[in-house]
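**Q** Structure in structure tokens, see below.
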Amino acid sequence: MAQALTRAMRDAMAEDPTVHVMGEDVGTLGGVFRITDGLAKEFGEERCTDTPLAEAGILGAAVGMAMYGLRPVVEMQFDAFAYPAFEQLISHVAKMRNRTRGAMPLPITIRVPYGGGIGGVEHHCDSSEAYYVATPGLHVVTPATVEDAYGLLRASIASDDPVVFLEPKRLYWSKADWRPEAPAAVPGIGKALVRRTGTSATLITYGPSLPVCLEAAEAAREEGWDLEVVDLRSLVPFDEDTVVESVRRTGRAVVVHEANGFGGPGAEIAARVTERCFHHLEAPVLRVTGFDIPYPPPMLEKHHLPGVDRILDTVARLQWEN
Amino acid sequence: MTVQELPGAGASHRSTQPPAWSPRTDAAPLLPDPEPYRVLGTEAADGLDPELMRRCYAELVRGRRYNAQATALTKQGRLAVYPSTVGQEACEIAAALVLEEQDWLFPSYRDTLAAVARGLDPVQALTLLRGDWHTGYDPREHRIAPLSTPLATQLPHAVGLAHAARLRGDDVVALAMVGDGGTSEGDFHEALNFAAVWQAPVVFLVQNNGFAISVPLAKQTAAPTLAHKAVGYGMPGRLVDGNDIAAMHEVLSEAVRRARAGGGPTLIEAVTYRMEAHTNADDATRYRGDAEVEAWKAHDPVDLLERELTARGIIDEAAIQAVRDDAEAMAAALREGMNADPVVDPMDLFAHVYAEQTDRLREQAAMLRAELEAEDQS
């Protein structure tokens with residue numbers, strides 16, 4: 001996935017001279033995850049810029065660059081390091097189009113490596129999507145496959161609106177049969193995809209939890225469950241129709257994500273599914289999420305993250321008999 | 001037993017040479033003058049350009065009248081709120097006058113007068129404060145960024161825009177305005193640091209008007225002056241009398257020229273005073289005494305220039321009257337523009353959130369439309 005993301009930026013920069021990559025360590029080092037590897041060498045330091053270490057300054061400068069007609073792609077290095085930039089994100093990036101009645105859209109892509117499962121220490125593993133999806137004016141997308149990493153990043157850079165591009169760190173090194181010489185067609189932002197068809201219940205998920213859900217779906221076959229798995233790919237806009245169609249067919253739904261449950265995206269999704277599928281549901285919409293705790297230290301994270309067993313236990317609870 | 005005689009002491013002396021490192025030694029020229037720079041009432045005023053000063057005078061008088069009219073509009077309920085710049089007009093006017101057409105102004109919420117002096121229609125400048133939409137103009141058309149209500153957050157935008165323009169080879173300078181309170185914000189620091197590292201063509205103008213709402217400068221910073229902060233970033237700091245428009249124009253022009261020539265950013269502290277309350281919602285008598293206000297009244301920016309120009313024969317009674325008549329006409333036009341009830345379209349709530357509306361917004365827009373139709377029918 002890492003290579004696909006690099007390739008997406010490289011192709012975008014080659015096609016459009018207004019695309020600029022910027023952030024801490026993105027130049028000479030190629031980023032701490034090497035996602036921007038080689039870009040400074042190929043396009044020069046003016047187009048792949050090592051900035052001072054200051055997230056508000058990075059995003060704030062990107063706002064000014066976008067005001068002047070550039071398409072900045074900003075790297076935030078780690079989920080929890082993006083928080084100093086929140087005022088810029090919420091007060092300016094998300095609102096500039098609205099404040100100016102459409103006269104000044106900001107085509108900024110904000111890449112945020114997020115989530116746990118890599119043994120990272122404190123402040124390196126937050127699932128911060130709830131903050132972003134609660135902010136009108138931002139698109140929020142997150143790829144779970146190598147192809148989507150490429151396609152969604154291209155679509156994000158091409159978007160005239162700001163996009164928070166959440167990169168599941170633990171999938172950076174996932175390998176797949178992806179041929180960089182022939183990148184897949186770019187999927188638009190806002191389309192969910194049924195990754196596995198099934199008949200007994202729908203698992204609704206995204207990003208780092210997709211592989212876990214697919215594994216759970218395989219394991220569930222032994223219990224007699226045929227699970228459908230929907231990958232949201234985009235949290236804002238939320239592709240309600242694909243989700244609703246699936247749940248109406250299966251009659252049962254579980255939302256799975258790493259972020260804390262209370263006020264997390266799963267709460268919103270469960271509410272929407274309930275509103276639109278009430279008469280089709282055989283059981284309440286359930287959630288499997290991270291606990292409502294600060295992200296735990298590496299030696300405890302396996303107890304916090306939604307795993308196959310917890311998903312299967314929850315699926316078993318869908319045999320609702322009250 | 002001395003330290004040298006301690007067992008093992010000799011060994012620790014072998015590799016004590018630290019790696020070579022030395023700080024920049026060219027900091028002295030970056031330091032501000034000990035006193036605010038002044039022109040009016042000094043010998044330097046002999047070199048004034050009469051034409052420029054007549055223009056400055058006319059703009060100052062208009063600016064004072066604009067402030068009075070905007071304050072009156074809040075009393076009539078036409079503006080929700082107005083942060084006055086009475087006493088600070090010289091800073092506002094000079095900031096607008098030193099910019100070329102292609103340059104950009106980054107104002108704070110208090111700087112509507114600078115936007116007006118740059119040529120923006122006063123009604124458009126006050127739309128935010130009237131409350132019919134957040135920004136009443138197209139920023140690209142006037143090269144005036146939206147008025148920023150969060151403090152100092154517009155400063156990194158100025159840096160980014162100036163940087164982008166330079167990357168494109170365009171001759172553009174960005175001038176960003178902030179108050180004394182805003183210099184305590186993190187974005188102020190980050191913007192100055194970025195600008196200096198990138199050598200971006202930016203001028204930072206701090207209007208030190210004495211108070212951040214009620215908090216005086218002494219409780220805002222322990223720095224000798226706000227201009228001294230510049231040296232920490234590696235850019236020149238300039239201290240200037242913010243009520244002296246000749247000094248303001250000269251110092252700002254020099255900074256703009258320097259930025260345009262590739263010399264990088266400058267931090268300017270204009271020492272001035274907010275004669276009125278923070279806004280009409282504020283009670284200034286709770287945090288400052290009359291004596292202080294009176295002392296500053298004697299150093300009024302309009303009077304200061306009027307005295308100098310009259311003494312030098314650059315303006316006379318007739319010229320002063322003509323300028324006042326012009327200001328009256330501006331105020332009348334502003335009153336008229338503001339007395340017309342703005343037409344607001346509720347459906348605009350959904351029109352400019354995204355380039356393309358999401359399903360969610362379409363659904364909510366339909367709900368509002370139905371509510372509006374129901375209201376119409378009842």
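The values are calculated or read from the model by the stated rules, or taken from the named source; none is laboratory data. Model, not experiment: these values are computed from the prediction. So basically every Cβ, Gly included, is an ideal-geometry build from the backbone, and we count neighbours across all protein chains shown. Surface areas here come from the heavy atoms of the whole protein model, side chains and all, with no ligands, DNA or RNA. Shrake-Rupley method; radii C 1.70, N 1.55, O 1.52, S 1.80 Å.
**Q** What accessible surface, in Å², does a 1.4 Å probe find on B:Thr285, ignoring ligands, DNA and RNA and rounding to the nearest 10?
**A** It works out to around 110 Å².
**Q** Quote the convex hull volume per residue of the range B:181-256, based on C-alpha atoms, as a whole number of Å³.
**A** 89 Å³
**Q** When only Cα pairs under 8 Å and 6 or more residues apart are kept, what is the percent relative contact order across chain A?
**A** For chain A, the relative contact order is 15 percent.
**Q** Would you mind telling me the antiparallel percentage of the DSSP bridges in chain A, rounded to 5?
**A** 15 percent
**Q** Out of all DSSP beta bridges in the protein assembly as shown, what portion is antiparallel? Express it as a percent rounded to 5.
**A** 10 percent
**Q** Taking N as the number of residues in the range B:27-105, what value does Rg over Cα atoms divided by 2.2 N^0.38 Å take?
**A** Taking N as the residue count of the range B:27-105, the ratio is 1.44.
**Q** Would you pull out the residues with amide H under 5 Å of B:Phe211's amide H, same chain only if 5 or more places away, H placed 1.01 Å from N?
**A** B:Arg274
**Q** What accessible surface, in Å², does a 1.4 Å probe find on A:Arg170, ignoring ligands, DNA and RNA and rounding to the nearest 10?
**A** Looks like 70 Å² after rounding.
**Q** For chain B, what is the mean residue ellipticity at 222 nm derived from helices alone (per DSSP H run of n ≥ 4: -39500 (n - 2.57); sum divided by total residues; nearest 500 deg cm²/dmol)?
**A** -13500 deg cm²/dmol
**Q** Express the carbon and sulfur contribution to the solvent-accessible surface of the range B:121-166 as a percent, rounded to the nearest whole number, probe 1.4 angstrom.
**A** Carbon and sulfur together cover 51 percent of it.
**Q** Report, as a whole number in µm² per second, the diffusion coefficient that Stokes-Einstein gives for chain B at 20 °C and 1.002 mPa s using the Kirkwood radius over alpha carbon pairs.
**A** 93 µm²/s
**Q** Probe radius 1.4 Å, ligands and nucleic acids left out: which of B:Lys229, A:Lys41, A:Lys302 has the largest accessible area, and how do the rest follow?
**A** So, going from the largest accessible area down, we get A:Lys41, A:Lys302, B:Lys229.
**Q** I've got another one for you. To make sure I understand the rule: partners must be aspartates and glutamates, Cα under 16 Å from the Cα of A:Lys191, and not fewer than 8 residues away in the same chain. Which ones qualify?
**A** By straight Cα distance, A:Lys191 reaches A:Glu147, A:Asp148, A:Asp231, A:Asp239, A:Glu240, A:Asp241, A:Glu245, B:Glu356, B:Asp359.
**Q** Further question on the same structure: Run the numbers on the range A:66-100: which residues show a drop of 30 Å² or more in accessible area, chain on its own versus all protein chains together, using a 1.4 Å probe over heavy atoms?
**A** Going by heavy-atom accessible area, the residues of the range A:66-100 that drop by at least 30 Å² are A:Met67, A:Tyr68, A:Leu70, A:Glu87, A:Gln88, A:His92, A:Arg97, A:Asn98, A:Arg99, A:Thr100.
**Q** Can you tell me the relative contact order of the range B:235-313? Whole percent, Cα pairs under 8 Å, sequence separation 6 or more.
**A** Relative CO of the range B:235-313 lands at 34 percent.
**Q** In whole Hz, with x marking every Gly and Pro, tabulate ³J(HN,Hα) for the range B:228-239 from phi via Karplus 6.51 cos²θ - 1.76 cosθ + 1.60, θ = phi - 60°.
**A** These are the phi-based 3J(HN,Hα) values: 4, 4, 4, 5, x, 9, x, 10, x, x, 10, 10 Hz.
**Q** At a probe size of 1.4 Å, how large is the accessible area of B:Val81, to the nearest 10 Å²?
**A** 50 Å²
**Q** Treating the Cα atoms of chain A as identical point scatterers in vacuum, please give the log10 of the normalised Debye intensity I(q)/I(0) at q = 0.09, 0.14, 0.15 Å⁻¹, two decimals.
**A** Relative scattering, expressed as log10 I(q)/I(0), comes to -0.45, -1.05, -1.19.
**Q** Leaving out same-chain residues fewer than 8 places away, which lysines sit with a Cα under 23 Å from that of B:Lys229?
**A** B:Lys219
**Q** Follow-up. Please give me the summed charge of the neighbours of A:Asn98: other residues whose Cβ is under 11 Å from its Cβ, Lys and Arg +1, Asp and Glu -1.
**A** Neighbour charge sum, excluding A:Asn98 itself: +2.
**Q** Here's a follow-up. Need one number for the protein assembly as shown: average projected area of the convex hull over its C-alpha atoms, nm².
**A** Result: a mean projected hull area of 43.1 nm².
**Q** Report the relative contact order of chain B, percent, no decimals, based on alpha-carbon pairs under 8 angstrom and at least 6 residues apart.
**A** 22 percent
**Q** Then there's this: When a/c reaches 1.5 or more, the comparison of a/b and b/c decides; with that in mind, is the range B:221-293 rounded, prolate or oblate per its Cα gyration tensor?
**A** Cα axes put the range B:221-293 in the prolate bin.
**Q** While we're looking at this one, here's another question. Determine the order of A:His279, B:His228, B:His278 by accessible area, beginning with the largest, at a probe radius of 1.4 Å.
**A** Most to least solvent-accessible, the answer reads A:His279, B:His228, B:His278.
**Q** Let me know the Rg and Dmax you get for the range B:244-378 when you use only its Cα atoms, in Å.
**A** For the range B:244-378, the Cα radius of gyration and maximum Cα-Cα distance read 25.3, 69 Å.
**Q** State whether the range A:32-158 is rounded, prolate or oblate according to the following rule on the C-alpha gyration tensor (a ≥ b ≥ c being the square roots of its eigenvalues): a/c under 1.5 gives rounded; otherwise a/b larger than b/c gives prolate, and the remaining case gives oblate.
**A** rounded
**Q** Could I ask something else about it? Determine, from the Cβ-Cβ distance of B:Asp138 and B:Ser253 and an R0 of 25 Å, the FRET efficiency 1/(1 + (r/R0)^6), rounded to the nearest 0.05.
**A** 0.35
**Q** In Å², and per residue, what accessible area does the range A:16-112 have when probed at 1.4 Å with the other protein chains present?
**A** 29 Å²
**Q** What distance in nm separates the simple spin-label points at A:Glu245 and A:Leu300, each placed 7 Å from Cα in the Cβ direction?
**A** In this crude label model, A:Glu245 to A:Leu300 measures out at 4.3 nm.
**Q** Ok, one more. Which stretch or stretches of the range A:100-136 have amide N atoms under 14 Å from the point lying 7 Å from A:Arg272's Cα along the Cα→Cβ direction?
**A** A:130, A:133-136
**Q** Just the number, please: buried accessible area between A and B, total of both chains, 1.4 angstrom probe, nearest 100 square angstrom.
**A** Buried: approximately 3700 Å² between B and A.
**Q** Here is a further query. What number comes out for accessible area per residue over the range A:142-290 if the probe is 1.4 Å? Units Å², please.
**A** 38 Å²
**Q** Report the label-to-label distance for B:Glu375 and A:Arg101 in nanometres (one decimal), using points 7 Å from each Cα along the Cα→Cβ vector.
**A** Computed distance between label sites B:Glu375 and A:Arg101 equals 1.9 nm.
**Q** Using C-alpha positions alone, give me the convex hull volume of the range A:220-264 per residue in cubic angstrom.
**A** 106 Å³
**Q** Oh, and also: Averaged per residue, what accessible area in Å² does chain B show with a 1.4 Å probe, protein chains only?
**A** Using a 1.4 Å probe on heavy atoms only, each residue of chain B averages 46 Å².
**Q** Moving on. Please give, to one decimal in nm, the separation of the simple spin-label points placed at A:Ala14 and B:Arg312, each 7 Å out from Cα toward the Cβ.
**A** 6.2 nm
**Q** Compute the FRET efficiency between B:Ile213 and B:Met367 as 1/(1 + (r/R0)^6), taking r as their Cβ-Cβ distance and R0 = 41 Å, and round to the nearest 0.05.
**A** After rounding, the FRET efficiency stands at 0.55.
**Q** Under 1.5 on a/c is rounded, so check that first for the range A:164-299, then, if it is not, pick prolate when a/b is larger than b/c and oblate when it is not; a ≥ b ≥ c are the square roots of the alpha carbon gyration tensor eigenvalues.
**A** Note, shape of the range A:164-299 comes out rounded.
**Q** Of all the accessible heavy-atom surface of the range B:282-330, with the other protein chains kept in place and a 1.4 Å probe, what percent is carbon and sulfur?
**A** 51 percent
**Q** For chain A, what is the mean residue ellipticity at 222 nm derived from helices alone (per DSSP H run of n ≥ 4: -39500 (n - 2.57); sum divided by total residues; nearest 500 deg cm²/dmol)?
**A** Taking each H run of at least 4 residues, the total per residue is -9000 deg cm²/dmol.
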